[in-house]
Structures are given as structure tokens and as C-alpha cells.
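Visitor: For reference, the structure I am asking about is given below.
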Amino acid sequence: MHALDDYDYELPEDRIAQKPCPQRDRSRLLHLDRRSGDISHRVFCDLLDLMRSGDVLVVNNTKVIPGRILGQKDTGGKAEVLILTYADGQAGRKTAGEFACTCLIKSSKKPRTGSTIFFDHGLRAEVLRQSGDCYDVKFTCENDFDQVLYQVGKVPLPPYIRRDSGTEFREDDTAYQTIYASEKGAIAAPTAGFHFSTGLITQLQNMGIAVVQITLHVGYGTFIPVRVSDIRDHRMHSETYAITKQTAEVINDARAGGARVVAVGTTSVRTLEFSASENGRVMAGSGPCNLFIYPGYQFKVVDAMITNFHLPRSTLLMLVSAFTGRNSILNAYQAAIENGYRFYSYGDAMLID
């Protein structure tokens, strides 16, 4: 269960969702009972029948920034820059017109240290240094950097969501965010949260379910391919997380009373498990989170999770396999394929409990 090849599966290309469900809470929901292995096919709003009064629903309120910026190098070639560490850049800002962070840079030739990339609206970026695939970059502009970023940047969609140049799906700016996204800093969305509508959350709260928010700014580490044959040798990059004292208290009180903690997405799972003491008490705090969950991990906090269908050989597939067993997950994925479910970011959902 620790071989990378153990987390592979075949997915027909037409099952990769290219657009979101027109109504968020009307996407499909595969319910997997991890004790029996039983599977049922539902609609996401059926969550009202599957949640229990007293449950705590934990959502990730990170917000995707328009961190993909197209520019031109001082040598004349095109460059595509992806901001990776927005939250760290905000913490270190000294003036409104400057912003230093780590980025990926895609161009025909690697940019030189000291070179400059020019963008629209007077924005420019100086390449300070390179570290592996990443670059430390200093942005400067005459106006406030955030204001300019939202003028020139684009939401960085995953590469398997295809958009023709000049005909981008107009709704991506809003569709590729959860309805409760508020804390800017992610380069990708916590996609399990896409299925929640305002009305569904209100109905859940009216049932006596507490909905609490944590933050994990989804970063580059979540998407780096696993390149080792033994997954135990893989190392996760850190992502910035935050849990408030109030949220920790709600979760801990619920657990003490025997209620379930239901995490929305693998990002919420990782944050809760990273922050927990050995006895499962969630600790308030913030900082870097680099927890890699794979089969053999003993969960301390999370009783159930809502998640999307993940890429083969990914750390996300390994996490859900750790929660319910590799064979059980792969059986569920095969059932989803046979029943026409839509996969990946804009796809359908699973509830595992």
C-alpha cells in the first residue's frame, strides 16, 4: 500500500469536468460507508439526510487569488508568472506598491537572476533568485499591488480544465471559489466546498449542525507530482494555516459530547489533523502545515469527510485511501466511473463516513 503504482486508475477523459454544475448543491454525491463499504448514489443536497444534529461541519475559507499573470521579459520573450506565497508576501509588505513572494515562472528560457518581467498597468517583477523550480520575485508598481493584481491577474485554473485563449469561461472568477471564501491566499480552491450553496448551509445550521471555518491556503505542495516509487519518501511543501480559538473550542466541545467532526475537503482534514494533540484536541494557532497523510496514518479528529474525486497517483488520493482503505476507495472510484460521475475540481462529490 506504499507503492506509488497502488494509487493509479484509468479515467476516461470525458469524465473530467470542464465546467461546474449549474446549481452548486445539485451536483451528484456518492455516499461511501467506510465500515461496510456500501455505496449509494445521491444528490449533494441529500446531505440534509446524511448529517446529524450536533455534527460540526468544518470548511476551509481560503480564497483563490488571481495569481496567474502574463507578461514579457526584458529580453522580449513571453513569461507566465504564478504567485505561490501570497499570504507570506502580505505579511512582509512595507509599502503598498511593493510585494515580494515566491513564484513559478513559465517561459521559453529560464529567467536570469536580476532580470525584469513587465506586465500591464505598470506592474513589473524583478527576479531575485532561483531555488529549484521556484523563484523569489519582487513586484513593484505605482499603485497598490493588490489593486493592480486584480486588474491584470487571472484565476489559475488547473491544467486539466481547458479554456481556449480569448474565450475563457466568464464565470470562473466566481465559480472557482467557495461561497464562504474570505481569506485571500490560495493558488487553487478547496474544491469540495464548491457544492455548498447559501441555502444548504442555512438548512444545515437550522438542523443543529455547527458550521465553523478554518484556513489553509492551498499551495504548490498540494499539486507537486509524487516522483518516488515508495510514497513514504515523498515530502509535502508547507502551506499556511490558521485556526481560531473559537473554532477550536466548538470542535473540541463537540468531540467531548460524542458528536462527529465532518471535514469539507482534504485541506480541512490536513489542517485539523496537523493541529491536533495526541489525544485529538484541536489547538488554535497558525503557521506552516506540511502534514502528509497516507495509509497507516491514525486519524485523531476527523470522523467523516466530504471530498471530490482526485487525480491518480496524487497525495489527495492517498489521503482518502488512508481514511477508508485503498481498495474501498478504488472500488468507489470505479463505481463512480461506471455511473457517469464527473471528476476533479468542477466534478461531483463523495461523503465518506
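The values are calculated or read from the model by the stated rules, or taken from the named source; none is laboratory data. Just so it is clear, the model here is predicted, and its values are computed rather than measured. Cβ sites come from the backbone with ideal geometry, for glycine too, and all protein chains shown count toward neighbours.
Visitor: Residue by residue through region 323-353, note down the ones that are touching a residue at least 12 places away in the same chain (Cβ under 8 Å), part of a helix (DSSP H, G or I) and surrounded by fewer than 19 Cβ atoms within 10 Å (Cβ to Cβ).
Guide: Across region 323-353, the qualifying residues are 326, 330, 331, 334, 335, 337.
Visitor: Something else now. Residue 153 is checked against (1) out of contact with any helix residue (DSSP H, G or I) (no Cβ under 9 Å at 6 or more places or on another chain); (2) more than 30 Å from residue 344 (Cα to Cα) and fails just one. What number does that condition carry?
Guide: Residue 153 satisfies every listed condition except (2).
Visitor: Ok, one more. Quick one: is residue 255 in a helix (DSSP H, G or I) and in contact with a Gly (Cβ under 8 Å, 6 or more places away or on another chain)?
Guide: Details: in a helix (DSSP H, G or I): yes; in contact with a Gly (Cβ under 8 Å, 6 or more places away or on another chain): yes.
For residue 255, the condition - in a helix (DSSP H, G or I) and in contact with a Gly (Cβ under 8 Å, 6 or more places away or on another chain) - is met.
Visitor: Working carefully through the options 84, 30, find the one that is under 21 Å from the mean Cα position of the chain (by Cα), surrounded by 20 or more Cβ atoms within 10 Å (Cβ to Cβ) and under 29 Å from residue 203 (Cβ atoms).
Guide: On the way: 84 fails: under 29 Å from residue 203 (Cβ atoms).
Checking each option against the conditions leaves just 30.
Visitor: Tell me which residues, restricted to region 292-318, are in contact with a Phe, Trp or Tyr (Cβ under 6 Å, 6 or more places away or on another chain) and in a loop (DSSP other than H, G, I, E, B). Quick ask: steps written out before the conclusion?
Guide: In the first step, residues of region 292-318 are kept if they are in contact with a Phe, Trp or Tyr (Cβ under 6 Å, 6 or more places away or on another chain); the result is 309, 312-313, 317-318.
Residues satisfying the conditions are 309, 312, 313.
Visitor: Then there's this: Do we find that residue 110 is of a type in the set (Lys, Arg) and within 28 Å of residue 241 (Cα to Cα) in this structure?
Guide: When the stated conditions are applied, residue 110 does not pass them.
Visitor: So residue 204 passes all but one of these: (1) more than 25 Å from residue 311 (Cα to Cα); (2) at pLDDT 95 or above; (3) part of a loop (DSSP other than H, G, I, E, B). Which condition number does it fail?
Guide: Exception for residue 204: condition (3).
Yes/no per residue for (1) in a loop (DSSP other than H, G, I, E, B); (2) at pLDDT below 90; (3) surrounded by fewer than 16 Cβ atoms within 10 Å (Cβ to Cβ); (4) under 20 Å from the mean Cα position of the chain (by Cα):
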{"site": "170", "(1), (2), (3), (4)": "yes, yes, yes, no"}
{"site": "181", "(1), (2), (3), (4)": "yes, no, no, yes"}
{"site": "194", "(1), (2), (3), (4)": "no, no, no, yes"}
{"site": "200", "(1), (2), (3), (4)": "no, no, no, no"}
{"site": "215", "(1), (2), (3), (4)": "no, no, no, yes"}
{"site": "218", "(1), (2), (3), (4)": "yes, no, no, yes"}
{"site": "221", "(1), (2), (3), (4)": "no, yes, no, yes"}
{"site": "228", "(1), (2), (3), (4)": "yes, no, yes, no"}
